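Participant: Next up is a structure, given as structure tokens.
The values are calculated or read from the model by the stated rules, or taken from the named source; none is laboratory data. Please read all numbers here as calculations on a predicted model, not as lab measurements. Using ideal geometry, Cβ is built from the backbone for each residue, glycine included, and neighbour counts are taken over all protein chains shown.
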């Protein structure tokens with residue numbers, strides 16, 4: 001079962017996967033993105049999650065991402081890898097591949113597409129933990145991508161007590177349930193069970209009620225901003241944390257610049273993150289993986305204006 005040598009805390013951005021114009025993984029841009037994160041002071045990186053378009057990539061592309069990031073990070077911070085797929089068998093294969101690449105943690109959702117019972121979700125995580133061995137396994141709670149399946153707090157706490165799960169990334173957007181989970185963790189005496197929020201917009205308040213850190217998609221663009229929030233809350237300077245959160249709240253408006261009449265939310269958000277990184281010179285191409293629709297030149301220009309407003313250009 002899982003063990004943790006050091007509790008995961010702070011800012012752990014879910015990295016996008018830069019692509020070339022021919023839709024191959026752009027390893028040079030990925031290395032540049034890793035450097036951008038490390039320069040920003042992050043405490044870890046998470047690859048092949050939602051922002052990383054992990055479910056859109058081939059197994060070969062996934063392995064390229066894993067090996068590139070592990071090599072570029074070179075042990076400076078933990079590297080977490082998504083093992084997200086429709087079944088335990090498929091997710092288990094991703095766990096094995098990630099371990100082969102040398103990652104420091106695994107992040108997995110419940111199985112999706114087929115409807116699952118909590119008892120089946122428990123079997124899923126127990127099986128993945130047995131494959132992961134001593135490498136920590138974190139649950140990924142994202143009901144918007146799992147046909148509404150919300151991971152029950154009682155199940156998470158019980159799997160934490162058993163040593164199956166080292167923690168959870170909560171991207172449910174349900175602040176009340178997240179706060180309840182923090183309280184449940186305290187009641188259970190599971191101080192080492194990690195609770196991370198995936199919401200970019202309420203990091204200051206979530207840290208205030210006891211989460212351990214944040215996994216922000218917008219952190220691809222401005223990792224240092226989220227580090228400043230974390231550091232300000234840790235120092236008790238809640239006014240500074242709020243000011244920085246307000247600035248990032250406005251920067252998050254980049255996800256709304258694309259015409260949603262011609263593309264979905266994922267295309268709009270990931271396209272905006274990649275467009276921003278492209279404009280900042282971090283990556284060479286803003287393309288998103290098929291079947292996502294890329295932002296057009298006018299939309300990219302609009303992203304640039306919001307970067308300027310946020311003081312990033």
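Participant: So is residue 201 part of a loop (DSSP other than H, G, I, E, B) and within 21 Å of residue 311 (Cα to Cα) or not?
Facilitator: Criteria met by residue 201.
Yes/no matrix, rows are residues, columns are (1) within 21 Å of residue 99 (Cα to Cα); (2) out of contact with any strand residue (DSSP E or B) (no Cβ under 9 Å at 6 or more places or on another chain):
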site	(1), (2)
133	yes, yes
138	yes, no
141	no, no
154	no, yes
170	no, no
173	no, yes
176	no, yes
198	no, no
202	no, yes
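Participant: Given the structure, is residue 76 in contact with a helix residue (DSSP H, G or I) (Cβ under 7 Å, 6 or more places away or on another chain) and not in a strand (DSSP E or B)?
Facilitator: Yes.
Participant: Could you identify the single residue in 152, 136 that is farther than 19 Å from residue 51 by Cβ and touching a residue at least 60 places away in the same chain (Cβ under 8 Å)?
Facilitator: It is 136.
Participant: Also, quick follow-up: Can you name the residue in the stretch 110-135 that is modelled with pLDDT of 95 or more and in a loop (DSSP other than H, G, I, E, B) and, of all such residues, is surrounded by the most Cβ atoms within 10 Å (Cβ to Cβ)?
Facilitator: Filtering first and then ranking leaves 135.
Participant: Specify the residue that is farthest from the chain's Cα centre (by Cα); the eligible residues are those in the stretch 79-104 that are assigned to a loop (DSSP other than H, G, I, E, B) and surrounded by fewer than 19 Cβ atoms within 10 Å (Cβ to Cβ).
Facilitator: 87
Participant: I would also like to ask the following. Suppose we filter the stretch 242-251 for residues that are free of Cβ contacts under 8 Å to residues at least 60 places away in the same chain and within 25 Å of residue 49 (Cβ to Cβ); how many remain?
Facilitator: 3
Participant: From the set of residues in the stretch 145-185 that are closer than 17 Å to residue 216 by Cα and buried (at least 23 other Cβ atoms within 10 Å of the Cβ), which is farthest from the chain's Cα centre (by Cα)?
Facilitator: Residue satisfying both the conditions and the ranking: 178.
Participant: Now a separate question. Only one of (1) touching a helix residue (DSSP H, G or I) at 6+ places or on another chain (Cβ under 6 Å); (2) farther than 24 Å from residue 34 by Cα; (3) part of a loop (DSSP other than H, G, I, E, B) fails for residue 233. Which number is that?
Facilitator: Going through the list (1) touching a helix residue (DSSP H, G or I) at 6+ places or on another chain (Cβ under 6 Å); (2) farther than 24 Å from residue 34 by Cα; (3) part of a loop (DSSP other than H, G, I, E, B), residue 233 breaks only (3).
Participant: Among the residues of the stretch 263-289, which ones are at pLDDT below 95 and loosely packed, with under 15 Cβ neighbours inside 10 Å?
Facilitator: Matches in the stretch 263-289: 264, 265.
Participant: Within the stretch 231-247, is even one residue over 30 Å from residue 300 (Cβ atoms), modelled with pLDDT of 95 or more, surrounded by 22 or more Cβ atoms within 10 Å (Cβ to Cβ) and touching a strand residue (DSSP E or B) at 6+ places or on another chain (Cβ under 7 Å)?
Facilitator: No, the conditions are met nowhere in the stretch 231-247.
Participant: Tally up the residues in the stretch 274-293 that are within 20 Å of the chain's Cα centre (by Cα) and free of Cβ contacts under 8 Å to residues at least 24 places away in the same chain, please.
Facilitator: 2
Participant: Output the qualifying pairs, or none if there are none: Cβ atoms under 8 angstrom, residues six or more apart or on different chains, first residue in the stretch 302-313 and more than 15 Å from residue 278 (Cβ to Cβ), second residue assigned to a helix (DSSP H, G or I) and at pLDDT 95 or above.
Facilitator: Going by the 8 Å Cβ cut-off, the qualifying pairs are 309/250; 309/251; 310/247; 310/248; 310/250; 310/251; 311/247.
Results for (1) under 28 Å from residue 233 (Cα atoms); (2) in contact with a strand residue (DSSP E or B) (Cβ under 7 Å, 6 or more places away or on another chain), shown as yes or no for each residue.
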| residue | (1), (2) |
| --- | --- |
| 6 | yes, no |
| 13 | yes, yes |
| 21 | no, no |
| 28 | no, no |
| 49 | yes, yes |
| 54 | no, yes |
| 61 | no, yes |
| 73 | yes, yes |
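Participant: Hey, another quick one. Surrounded by 20 or more Cβ atoms within 10 Å (Cβ to Cβ), under 16 Å from the mean Cα position of the chain (by Cα), outside any strand (DSSP E or B) and at pLDDT 95 or above: which single residue out of 69, 107 fits that description?
Facilitator: So the residue among 69, 107 that is surrounded by 20 or more Cβ atoms within 10 Å (Cβ to Cβ), under 16 Å from the mean Cα position of the chain (by Cα), outside any strand (DSSP E or B) and at pLDDT 95 or above is 69.
Participant: Here's a follow-up. When both residues are 6+ apart or on different chains and their Cβ atoms are under 7 Å apart, which pairs have a first residue that lies in the stretch 256-273 and is on the phi > 0 side of the Ramachandran plot, and a second that is part of a loop (DSSP other than H, G, I, E, B) and surrounded by 13 or more Cβ atoms within 10 Å (Cβ to Cβ)?
Facilitator: none
Participant: I'm checking my understanding of the structure. Among residues of the stretch 41-59 that are under 16 Å from the mean Cα position of the chain (by Cα) and in a helix (DSSP H, G or I), which one is nearest to residue 226 (Cα to Cα)?
Facilitator: Of everything passing the filter in the stretch 41-59, 54 is nearest to residue 226 (Cα to Cα).
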